[in-house]
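Engineer: Take a look at this one; I'll ask things after.
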Amino acid sequence: MSFEYSAKYIKQLSRAVEQQEDTYLINEFDGMHSADISSVMEGLNAEECKYILELLNPEVGANVISEIDEDTRKNFLELFTPQELAKYMDQTDSDDAADILNEFPVKSKEEVLASMNNHEKVQYIIDLLHYEEDCAGGLMAKELVKANINWNVKQCIDEVRRQGRDVDKLYTVYVVDDYDVLLGRISMKKLLMATDDIKVSDLYEPQIAKVYSYQDEEEVADIMQHYDLEVIPVINVQGRLIGRITIDDVVDVITEQAEKDQQAMSGLSEDVEETDSFWQMAKARLPWLIVGMSGGLLGANFLGGFEAELSRIPAMAFFIPLITATGGNVGIQSSTIVVQTLASGGFQGSVWNRYLRVFIVAILNGLTLASLVYGFNMVFSDNHELAIVVSVALFSVIMIASFMGTITPIILNKFGINPALASGPFITTCNDLIGLGVYFMVAKLMLH
């Protein structure tokens, strides 16, 4: 269950910090999960966060710093001296420490590294700082357990005990040769069940999923999802083992990508949060709003071209919202399914089979909705010709919208554009214009 706190609780903590009630604060946070502590700190100001953090055990404090929101963290970490911050970086996983230090200027970053006591971790962090944060190298942690292929089980277990001190989550032991080239893995169960004199070479599994340090973070997430992995090793171009990526880091990547896709589908051109400035939020929303408004203006001008038809049969205007709304909904449904398929690894089987399935589904939906609209018109209106026009137009719009919703994300994906854009204002605006065009062209042909 997630921790929940109220404004009253935050006010109570602020008062305790102001009055320096250290015993109360220590007891309040004793045993609380670091993720819950970080949630509480997001309701406090920077000085209060720093005060509370200094009361906690350094290991707990390090976990809180790793968990806390980036904007909140940046504000209160500016109050720490490099020496104070180094105390927490000594306790933080190398990948998290590298991410945190990347938020600092170069001078501050170097001062923190120089003040750290764990020199092995310092080297780990320096290695990680060279990688872009959106690739496997930027995701990985350097802490892991590895064993030489020439060792026996006893040597391997002794080394696990030594190396495992710095590893929070011990999933597996990686097997390497004398040059640190990754050869395979041994599960902890197999290692513990084997006798001391058995060679590692007789136990290890050579078939192992791995990623290169330069691979994109989304590609890493796809691989781990596909093989249902909790951890995956990272190698360089020479095949040497240089780190590992755990599932918690990949979950962050998946969450971020889902948020980006959701914002793209809503017509947001940039990644924005509620804490961003008014200008940033407006700038992210304006581009697709302008596109939608332009589509509306084009639609209004388009309607002007059929003014004669509307004056002859005013009832046609009643069905314009039905045509545009249905086309938009069908297009969004089709594009959303395609976007989900692309996100999960692409289409399986023939693309033409995919189009055939879309075509058949569109026919079934079109016939059903067109029949319902025709029946409605025949019950509530005596204009038989208009009922046929609306039904035929609706069927045509559904067919076209299904095709547009299917093909647009695929085309965008081919050109390296986020296909989630197709599920938002782009599809809606296009289908509105196409729907109006189809509606009046059908009317002109059938009611000439």
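The values are calculated or read from the model by the stated rules, or taken from the named source; none is laboratory data. For clarity, every value in this text was computed on a predicted model and none was experimentally measured. All Cβ positions, glycine included, derive from the backbone under ideal geometry; neighbour counts span all protein chains shown. Just the protein is used for accessible areas: all its heavy atoms, side chains included, with ligands, DNA and RNA removed. Shrake-Rupley method; radii C 1.70, N 1.55, O 1.52, S 1.80 Å.
Engineer: Can you tell me which residues in segment 382-403 are open to solvent by less than 40 Å² (accessible area, probe 1.4 Å) and either under 31 Å from the mean Cα position of the chain (by Cα) or more than 11 Å from VAL330 (Cβ to Cβ) (or both)?
Structural biologist: Selection gives LEU386, ALA387, VAL389, VAL390, SER391, ALA393, SER396, ALA401, SER402.
Engineer: Can you go through TYR179, TYR214, TYR174 and tell me which one is in contact with a strand residue (DSSP E or B) (Cβ under 8 Å, 6 or more places away or on another chain) and surrounded by 15 or more Cβ atoms within 10 Å (Cβ to Cβ)? Before the answer, list the steps.
Structural biologist: Values: TYR179 fails: surrounded by 15 or more Cβ atoms within 10 Å (Cβ to Cβ); TYR214 fails: surrounded by 15 or more Cβ atoms within 10 Å (Cβ to Cβ).
Answer to the selection: TYR174.
Engineer: Now, a different point. So which of ILE360, ILE417, ILE411, ILE400 is at pLDDT 85 or above and either over 20 Å from PHE319 (Cβ atoms) or outside any helix (DSSP H, G or I) (or both)?
Structural biologist: On the way: ILE417 fails: at pLDDT 85 or above; ILE411 fails: at pLDDT 85 or above; ILE400 fails: either over 20 Å from PHE319 (Cβ atoms) or outside any helix (DSSP H, G or I) (or both).
After applying the criteria, what remains is ILE360.
Engineer: Can you run down the residue pairs with Cβ atoms below 6 Å, 6 or more apart or on separate chains, where the first is in segment 250-263 and within 20 Å of ILE337 (Cβ to Cβ) and the partner is open to solvent by less than 60 Å² (accessible area, probe 1.4 Å) and modelled with pLDDT of 80 or more?
Structural biologist: Matching pairs, first to second residue: ILE254/ALA221.
Engineer: Please verify whether ALA62 is farther than 21 Å from GLY138 by Cα and either touching a residue at least 60 places away in the same chain (Cβ under 8 Å) or not polar (S, T, N, Q) (or both), treating the condition exactly as stated.
Structural biologist: On the way: farther than 21 Å from GLY138 by Cα: no; either touching a residue at least 60 places away in the same chain (Cβ under 8 Å) or not polar (S, T, N, Q) (or both): yes.
No, not satisfied.
Engineer: Looking only at segment 33-48, which residues are over 15 Å from ASP69 (Cα atoms) and modelled with pLDDT of 90 or more?
Structural biologist: Step one: of segment 33-48, the residues over 15 Å from ASP69 (Cα atoms) are 33, 47-48.
Hits for segment 33-48 are GLU47, GLU48.
Engineer: Against the condition at pLDDT below 95, within 30 Å of VAL60 (Cβ to Cβ), open to solvent by 40 Å² or more (accessible area, probe 1.4 Å) and out of contact with any Leu (no Cβ under 8 Å at 6 or more places or on another chain), how does ASP222 come out, does it pass?
Structural biologist: On the way: at pLDDT below 95: yes; within 30 Å of VAL60 (Cβ to Cβ): no; open to solvent by 40 Å² or more (accessible area, probe 1.4 Å): yes; out of contact with any Leu (no Cβ under 8 Å at 6 or more places or on another chain): yes.
So ASP222 does not fit the description; no.
Engineer: Here's another thing I want to ask about it. Could we say that ALA422 is in a helix (DSSP H, G or I), open to solvent by less than 70 Å² (accessible area, probe 1.4 Å), of a type outside the set (Ser, Thr, Tyr) and at pLDDT below 80 here? Don't jump to the end; show me each part of the working.
Structural biologist: Working: in a helix (DSSP H, G or I): yes; open to solvent by less than 70 Å² (accessible area, probe 1.4 Å): yes; of a type outside the set (Ser, Thr, Tyr): yes; at pLDDT below 80: yes.
Spelling it out, ALA422 is indeed in a helix (DSSP H, G or I), open to solvent by less than 70 Å² (accessible area, probe 1.4 Å), of a type outside the set (Ser, Thr, Tyr) and at pLDDT below 80.
Engineer: A further question on this structure: In segment 34-48, what residues are within 25 Å of the chain's Cα centre (by Cα) and in a helix (DSSP H, G or I)?
Structural biologist: SER34, ALA35, ASP36, ILE37, SER38, SER39, VAL40, MET41, listed by residue number.
Engineer: Picking from GLY138, GLY164, which residue would you name as being in contact with a Leu (Cβ under 8 Å, 6 or more places away or on another chain), touching a residue at least 12 places away in the same chain (Cβ under 8 Å) and crowded, with 17+ Cβ neighbours inside 10 Å?
Structural biologist: Values: GLY164 fails: crowded, with 17+ Cβ neighbours inside 10 Å.
Exactly one of GLY138, GLY164 is in contact with a Leu (Cβ under 8 Å, 6 or more places away or on another chain), touching a residue at least 12 places away in the same chain (Cβ under 8 Å) and crowded, with 17+ Cβ neighbours inside 10 Å, namely GLY138.
Engineer: Continuing with this model, one more query. Among ILE411, ILE388, which is free of Cβ contacts under 8 Å to residues at least 60 places away in the same chain and closer than 16 Å to VAL339 by Cβ? Steps first, answer last, please.
Structural biologist: Working: ILE388 fails: closer than 16 Å to VAL339 by Cβ.
Of the residues listed, the single one that is free of Cβ contacts under 8 Å to residues at least 60 places away in the same chain and closer than 16 Å to VAL339 by Cβ is ILE411.
Engineer: Hey, can you tell me all the residues within segment 49-86 that are of a type outside the set (Val, Ile, Thr), out of contact with any helix residue (DSSP H, G or I) (no Cβ under 6 Å at 6 or more places or on another chain) and not in a helix (DSSP H, G or I)?
Structural biologist: LEU56, ASN57, ASP69, GLU78, PHE80
Engineer: Right, something else. Of the residues that make up segment 109-121, is at least one assigned to a loop (DSSP other than H, G, I, E, B), of a type in the set (Val, Ile, Thr) and at pLDDT 90 or above?
Structural biologist: Keep residues of segment 109-121 that are assigned to a loop (DSSP other than H, G, I, E, B), which gives 116-118.
Among the residues that remain, those that are also of a type in the set (Val, Ile, Thr) are: none.
Looking through segment 109-121, none of the residues is assigned to a loop (DSSP other than H, G, I, E, B), of a type in the set (Val, Ile, Thr) and at pLDDT 90 or above.
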